[in-house]
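Read the structure below first, then the notes.
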Amino acid sequence: MGGRRSFGPVVLLGLGSGALAAVAGSKPWAAVQGGRAATTITGGDAGEMPLAGALALVVLACWGVLLVTRGRVRRAVAVLAAVAAVGTLVTVAVGWSQAADQLREDVVLLEGTLEVAHTGWWWAALVGSVLSLVASVLAARLVPQWPEMGRRYDAPADAAAAPAAAQPDADAGDRSSLDLWRALDEGHDPTA
């Protein structure tokens, strides 16, 4: 798959997998099987697991920036997305043992020995981080061939250098409202 045809599928894969990893990074990754304890461990409760959700959000932000940039900046953002996806994957892999170990320690203090199992959210985080990495690497490779936003969406380089448009004669009421809008555009508060 090359060029323009890869743009849509790769972007959708990147956004979807990043969102999946971000959501899964904030959900319980381990749970107690049986017993009175209804204890679960979430990303915020154990070591590095909040990092998984945070890095997945960085991946999502990179995809947003990737859509509106051009050239070398676009490729650099794609590489940053790949680096963040690698970090997410490593964090999810480390989280496999940390989630269960931390929960076991907490449960032993409460009730004694109980069985601890991983939830489907850990698996979702793993799938999301792997797919994020694949999409980001594809983006870094294919981004020069992808369509870009037109320059008409860029902010004007210098508003003062732009020639003033010829104003048709209008009554004083219209002219004062145009002056108010111009003042707002220039960053002035006309009501002050």
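The table for this structure:
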| read-out | value |
| --- | --- |
| Probe 1.4 Å, all protein chains present, accessible-area order of E115, E148, largest first | E115, E148 |
| Built amide H within the under 5 Å cut-off of A30, gap 5+ | I41, T119 |
| Simple label model, 7 Å out from Cα along Cβ direction - E148 to A76, nm | 1.4 nm |
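The values are calculated or read from the model by the stated rules, or taken from the named source; none is laboratory data. Here the structure is a predicted model, which means the values were calculated and not measured. All Cβ positions, glycine included, derive from the backbone under ideal geometry; neighbour counts span all protein chains shown. These accessible areas exclude ligands, DNA and RNA; they are computed on the full protein's heavy atoms, side chains included. Shrake-Rupley method; radii C 1.70, N 1.55, O 1.52, S 1.80 Å.
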